[in-house]
Structures are given as structure tokens and as C-alpha cells.
Amino acid sequence: MFHTPLPAGEGLRLREWTEADAPALSALFDEPEMDRWTPLPAPFDEAAARTYVTRAHERRAAGRALQLAITTDGHTPMGEVLLFVAAGDGSEAELAYGIGALHRRQGLASRAVRLLLPYAFHDARVRRAVLRIEPDNTASAAVARRTGFRLTDEPPVVRESGSRSVSLQTWELRRGD
């Protein structure tokens, strides 16, 4: 479903996670904002990071997801952008992102989402890309607006995140928008 080479542009180079990234991945994701807004386990130590990388490779091999490190140099991870087919009929892809605390407010998430949209619409051949965002997550809502997504009036999607249940609003971008 996903072609190579991986996307590059807008000052970014997206790449797959490697086992060697476990320390950097742990440093990026083991912090309060990641715990607050993502379903990642906390604490997110190096063992959790290694498991995460293994699962990311399994999902990619199965054609279910693409989980990529966001870099500016092709090496140093600054965050992650994800794309996975969300609808059972393959018509919808969900994107998500997380940026490490030291790298926020640089437009990394917006640029990474824009780089992955061609994968969603052309390679995965979906008709609609969605972002699922908690209403209070103003930073993620700003990313959605900057990348052309519009908030829908769909009922909230409820997901379990660790020990809590979260209610997520759906933002969409349709092919051809």
C-alpha cells in the first residue's frame, strides 16, 4: 500500500523508526504532553520504545499503517507522524502526530501531515483523510486548520487511552479539497 522512497520536502525527511532510535523515542514521548494527548503508555521508557518500533514495523509490513520519524536531517527524530487506514472498506485514512517538547512551535506537525497526504490519497487511495482530536487540544486543532482539515459535525469518537476514556472530534479533508 505504501511506496518508497519515503516523503521528503518542506524542510523535512520522514523515515522509519529503527531499534537504534529507542533512546531518542523514549526522550520524545516520555513527557506530560504526550501522556495527556496520546494513547502511548506512561512512562514511555526504552523498553516501551523498542516494543513500539517493533509494532510499527509489523503494521507497515501488514499494510495497515505507516509510522515515521520526523527529521530535518534524515537522522535525528523530532517527532512522529502516522497514517493508517481507518475505514473497513479502505475509504478513509487517519493521520496522527506527536512532536517532542524541544521541537514544538516549528511547524513540524503541519509540514509532516502535508507530506503524508499524497500517501493517503494516491497510494492508499482513500477518499477521506481524518484527524481525531480532543476538543481541548488547541495545538492539534491549529495543525488541522493549517493543513486544510475542517471540523465535522460527526458525533465524537470515544477511545480508551490508558486508564481514561477520551472523546475525539473528527476533522476531515476529502480528496480533491
* **Charge dipole (debye, nearest 20) of segment 75-159; +1 at Cβ of Lys and Arg, -1 at Cβ of Asp and Glu** => 380 debye
* To do: Go from 0 up to the bin containing the longest alpha carbon distance in the chain, width 5 Å each, and give me the % of pairs per bin.
  => 1, 8, 17, 22, 23, 18, 9, 1, 0
* Please report, in whole Å, how far the alpha carbons of segment 83-177 spread along each principal axis, starting with the longest. => 32, 30, 22
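Assigning unit charges at the beta carbon (Lys, Arg +1; Asp, Glu -1) and nothing else, what dipole magnitude in debye, to the nearest 20, does the chain show about its Cα centre? Each step should come with its number before you reach the end.
Working: 23 positive and 24 negative charges, 125 e Å.
It comes to approximately 600 debye.
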* **Estimated inter-spin distance, Thr72 and Gln106, nm [label 7 Å along Cα→Cβ]** => 0.4 nm
* Structure fact -> Rounded to one decimal in nm, the spacing of the 7 Å Cα→Cβ label points at Arg150 and Glu46 is 4.9 nm
* To do: May I ask you to list, by number, the DSSP H helices of the chain whose Cα span along the axis is at least 15 Å and whose average Kyte-Doolittle hydropathy reaches -1.0 or more?
  => 108-118
* **Rounded Å value of the spacing that divides the Cα centres of segment 114-135 and segment 138-156** => 13 Å
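Within segment 16-159, what percent of beta bridges assigned by DSSP are antiparallel, to the nearest 5?
Numbers: 14 of 17 bridges.
Restricted to segment 16-159, the bridges split so that about 80 percent are antiparallel.
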* To do: Using amide H atoms built 1.01 Å from N in the peptide plane, name the residues 5+ places from Thr72, or on other chains, whose amide H lies under 5 Å from its own.
  => Arg13
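Report the extension gain between Thr54 and Ala139 in nm, rounded to one decimal, defined as 0.36 nm multiplied by the number of residues separating them, less their alpha carbon distance.
Numbers: separation 85, 0.36 × 85 = 30.60 nm, distance 2.87 nm.
Length gained, Thr54 through Ala139: 27.7 nm.
Each reported figure results from applying straightforward, stated rules to the coordinates on display, with no laboratory input. For clarity, every value in this text was computed on a predicted model and none was experimentally measured. For neighbour counting, all protein chains shown are included, and Cβ atoms are generated from backbone atoms with ideal geometry for every residue, glycine included.
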